[in-house]
1. Report the FRET efficiency, 1/(1 + (r/R0)^6), for Phe154 and Asp129, where r is their Cβ-Cβ distance and R0 is 25 Å, rounded to 0.05.
2. Could you sort out which of Lys15/Lys116; Lys4/Lys116; Lys109/Lys191; Lys55/Lys116; Lys2/Lys116; Lys31/Lys177 sit more than 32 Å apart by Cα distance in this structure?
3. Ignoring everything except DSSP H segments at least 4 long, calculate the 222 nm mean residue ellipticity for the chain; use -39,500 (n - 2.57) per segment, divide by total residues, nearest 500.
4. Place +1 on the Cβ of every Lys and Arg and -1 on the Cβ of every Asp and Glu in region 5-195, take the dipole about the Cα centre, and give the residue among Val123, Gln142, Leu79 whose Cα lies farthest towards its positive end.
5. What share of the DSSP beta bridges in the chain is antiparallel, in percent to the nearest 5?
6. Please give the length that would be gained between Asn112 and Asp163 if that part of the chain were fully extended, namely 0.36 nm times their separation in residues minus their C-alpha to C-alpha distance (nm, one decimal).
7. Sorting check: for 46-56, 66-76, 95-105, which peptide has the highest mean count of neighbouring beta carbons within 10 Å, and how do the rest follow?
8. Taking R0 as 35 Å, what's the FRET efficiency between Lys61 and Arg145 from their Cβ-Cβ distance, rounded to 0.05?
Amino acid sequence: MKIKELIFASHNAGKIAEITDMLAPLGIKVKSAADMDLPDVEETGTTFAENSLLKSQTIAKATGLPCIADDSGLCVDALNGAPGVYSARYAPNRDFDKGMDILLSEMEKSGNSSRKAHFSCVVSLAYPDGEYHLFEGRVDGQISREKMRGEGGFGYDPLFIPDGYACSFAQMSHEDKNRISHRGRAMQKFKEFISNL
Ligand code: IMP
């Protein structure tokens, strides 16, 4: 079945903008959970896949429409993979400026000098009848010593320097970030899947 419209189970403006951009070339219109006044789904899972599915399946059942969701986060080697699935909650009141300060200070305290980190993302597509599919993406990089702000980005972007680059995600254009990011890579797999439907 060809998909013309999808619900994206998110209230995160940064993610909504990225997913809308990525699906526009396929002629797929994205409506977000925020546009439809749907409530946030509580993320009670312990993995990106579990949380992603919780969101897409809940909204697909509630609306009767195919739904995609992503669950993503930043995993820092020196912090044994934290904040990981707790990335959103790691920032007090979703204040990522504070969240980034906490992250830098926890890395300092860890006594581990590694700056290695990666972003992970699991995109899920759920149908109202229970059928679902998962798509994973990951990008490796380094945590900078201080925030490297730019025009774009959200969340922890000012601290993340992808491997092979000298700038942070926040300093890249939407298009450049989407090409290499965890979400971009997961969405690439999703796009290949739906192009073959
Ligand atoms: P969730 O997937 O809604 O649980 O949120 C994941 C959290 O991880 C976001 O609120 C951001 O803080 C962080 N995150 C996920 N993807 C990105 C990204 O591309 N850039 C910066 N931060 C991100």
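Taken together, the values in this text are just the output of simple stated rules run on the coordinates, not laboratory data. As the structure is a computational prediction, the values presented were derived from the model and not from experiment. Note: ideal-geometry Cβ built from the backbone for every residue, glycine included; neighbour counts use all protein chains shown.
1. Values: r = 33 Å, r/R0 = 1.33.
Step by step, r from the Cβ atoms, then E = 0.15.
2. On the way: Lys15/Lys116 23 Å; Lys4/Lys116 39 Å; Lys109/Lys191 41 Å; Lys55/Lys116 29 Å; Lys2/Lys116 40 Å; Lys31/Lys177 22 Å.
Among Lys15/Lys116; Lys4/Lys116; Lys109/Lys191; Lys55/Lys116; Lys2/Lys116; Lys31/Lys177, the Cα-Cα distance tops 32 Å for Lys4/Lys116; Lys109/Lys191; Lys2/Lys116.
3. Details: 6 runs with 67 residues, N = 197.
Taken over the chain, the calculation gives -10500 deg cm²/dmol.
4. With unit charges placed on the Cβ atoms, the residue in question is Gln142.
5. Working: 25 of 31 bridges.
So the antiparallel bridges in the chain amount to around 80 percent.
6. On the way: separation 51, 0.36 × 51 = 18.36 nm, distance 1.96 nm.
Full extension from Asn112 to Asp163 adds 16.4 nm.
7. Values: 46-56: 21.1, 66-76: 25.2, 95-105: 16.5.
Ranked by mean Cβ neighbours within 10 Å, highest first: 66-76, 46-56, 95-105.
8. Values: r = 45 Å, r/R0 = 1.29.
Efficiency computed from Cβ-Cβ geometry: 0.20.
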